[in-house]
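K.L.:
To start, I am sharing the structure in question, which I have written as structure tokens.
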Amino acid sequence: DVLELYLFRRAIGDDIAAELSKELFRLSQLQKLNLEGNRIRDAGAAALSKGLAKLSQLQHLSLGANHIGPIGAAELSKGLAGLSLLQHLDLASNCVGDVGATELSKCLGGLLHLQHLSLARNKIRDAGVSELSKVLEVLLQLQHLSLGENQIGDAGAAELSKGLAGLSQLQHLNLGRNQIGAAGAAELSKGLAGLSQLQHLNLGRNQIGDSGAAELSKGLAGLSQLQHLALRDTLIGDAGAAE
């Protein structure tokens, strides 16, 4: 039985994705599927979703760097819902947006073994991350969360903070290149305070500033496992750095 299937960067479009989906029915023991860097759009994602639904043993799914939008994300969500053993889900570098993030959040709450979730570079704003945040509290095994290079602002950071608070196993958090300001950093600090296993935190290229850094330092103070902290290009001056 085939356990791993790697088809990344093969210029796979919607038609081939639809044919592949039919073959997935034969691969019931598949544990790892990598389709990164192809040309799969909404129609292809919808077709794939039907095949994914049969992969009850799947643990690792990579669909990053395709062209999946909100409609494709909504269809994909239907197939993902039954993947109860899924540990790794990479949808980075697509364009799911707020609507797609909201649809995906409907299935994520059932993926209780999820350890790695990447939705970086997906045009997700405050509304989308707010919906995602609601399901984070049940993903107790999550170790890696990447939401970098989206359009998350202060309101989104405040909602995200609530979801982060219960992720006691989280080791890696990427929120770099968003639109988080001082108010968002202050709210985020509250959620970060409980992440006792956090080792890597990227908040670079936000607009945190000195007052945000002062608030952020309160949440960072108890993170004894933190090894890497990225705060480059965050408008933090000497006063903020002193904190």
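K.L.:
So how many Å³ per residue does the convex hull of the Cα atoms of the stretch 53-136 work out to? List each step's numbers first, then the result.
P.N.:
Working: hull volume 6.0 nm³, N = 84.
Roughly 71 Å³ of hull volume per residue.
K.L.:
Something else now. Treat each spin label as a single point 7 Å out from the Cα along the C-beta direction, and report the Ala11 to His113 distance in nm.
P.N.:
Rounded to a tenth, the inter-label distance reads 3.7 nm.
K.L.:
A further question on this structure: I'd like the accessible area for Glu137: 1.4 Å probe, protein heavy atoms, all chains in place, Å² to the nearest 10.
P.N.:
Roughly 120 Å² of Glu137 is accessible to a 1.4 Å probe.
K.L.:
Next question. With just the Cα atoms of the stretch 178-231, tell me how far they stretch along each of the three principal axes, in Å, largest first.
P.N.:
25, 18, 15
K.L.:
Sorted by average packing, counted as other Cβ atoms within 10 angstrom per residue and highest first, what order do 39-47, 191-199, 216-224 take?
P.N.:
Values: 39-47: 22.2, 191-199: 19.7, 216-224: 16.1.
Going by the mean number of other Cβ atoms within 10 Å, highest first, we get 39-47, 191-199, 216-224.
K.L.:
When the accessible area of the chain is computed with all protein chains present and a 1.4 Å probe, what percentage of it is carbon and sulfur? Walk me through the intermediate numbers first.
P.N.:
Values: 5070 of 10540 Å².
Using a 1.4 Å probe with all protein chains present, the chain comes out at 48 percent carbon and sulfur.
K.L.:
Here is a further query. How large are Rg and Dmax for the stretch 1-112 when calculated on the C-alpha trace, in angstrom?
P.N.:
Here Rg and the maximum Cα pair distance are 12.3, 38 Å.
K.L.:
Can you work out D for the stretch 134-187 in µm² s⁻¹ from Stokes-Einstein, where Rh is the Kirkwood radius over C-alpha pairs, the temperature is 4 °C and the viscosity is 1.567 mPa s?
P.N.:
Numbers: Rh = 11.4 Å.
For the chosen part, D equals 114 µm²/s.
K.L.:
What translational D, rounded to a whole number of µm²/s, comes out for the stretch 95-160 from Stokes-Einstein when the hydrodynamic radius is the Kirkwood one over Cα pairs, at 25 °C and 0.890 mPa s? Provide the component values of the computation, followed by the final result.
P.N.:
Details: Rh = 11.6 Å.
For these conditions, the coefficient is 212 µm²/s.
K.L.:
What FRET efficiency would be calculated for the residue pair Arg39, Asp1, taking the C-beta separation as r and a Förster radius of 30 Å, to the nearest 0.05?
P.N.:
Details: r = 29 Å, r/R0 = 0.95.
Calculated transfer efficiency: 0.55.
K.L.:
Report the convex hull volume per residue for the stretch 98-243, counting only C-alpha atoms, in Å³.
P.N.:
On the way: hull volume 11.4 nm³, N = 146.
Per-residue hull volume (Cα only) is 78 Å³.
K.L.:
While we're here: Order Lys32, Lys54, Lys162 by their accessible area, 1.4 angstrom probe, all chains in place, largest first.
P.N.:
Values: Lys32 55, Lys54 110, Lys162 135 Å².
From most accessible down to least: Lys162, Lys54, Lys32.
K.L.:
Can I ask one more? Per residue, how much accessible surface does the chain expose to a 1.4 Å probe? Answer in Å², no decimals. Let's see the in-between values first.
P.N.:
Values: 10540 Å² over 243 residues.
So the chain comes to 43 Å² accessible per residue, rounded to a whole number.
The values are calculated or read from the model by the stated rules, or taken from the named source; none is laboratory data. The structure presented is a predicted model; accordingly, all values stated were derived computationally and were not measured. All Cβ positions, even for glycine, are placed from backbone atoms using ideal geometry, and neighbour counts span all protein chains on display. Each accessible area value is taken on the protein alone, full model and side chains, heavy atoms only, with ligands, DNA and RNA left out. Shrake-Rupley method; radii C 1.70, N 1.55, O 1.52, S 1.80 Å.
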